[in-house]
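Structure, as structure tokens:
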Amino acid sequence: MAAFDLSDYTLGELKGLLFDVEQAIKARRRQELQGAQARIAEIARDAGIPIDALLDAKRRQQG
């Protein structure tokens, strides 16, 4: 990963950068979640198992 020299940034610029990074992290988390959900749905579909059955099995294990 590339290093950034932030020493010349103003406080306002740093806060703006922080906001942008936080927004990018939230967007990436949503993308990762959607990708994981799609992979899980595909696995369940290939196995012929409804996703609800997978969730119910998980709840029974936790209970």
- Message: I'm trying to understand the selection: among the residues of the range 10-63, which are open to solvent by 100 Å² or more (accessible area, probe 1.4 Å) and either outside any helix (DSSP H, G or I) or among the aromatic types (Phe, Trp, Tyr) (or both)?
- Response: Phe19
- Tabulated pairs, the range 18-38, first closer than 18 Å to Leu6 by Cβ, second open to solvent by less than 90 Å² (accessible area, probe 1.4 Å), C-beta under 9 angstrom, 6+ apart or interchain: none
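The values are calculated or read from the model by the stated rules, or taken from the named source; none is laboratory data. Note that this is a predicted model, so its numbers are computed, not measured. Using ideal geometry, Cβ is built from the backbone for each residue, glycine included, and neighbour counts are taken over all protein chains shown. Protein only, heavy atoms only, side chains kept; ligands, DNA and RNA dropped before computing areas. Shrake-Rupley method; radii C 1.70, N 1.55, O 1.52, S 1.80 Å.
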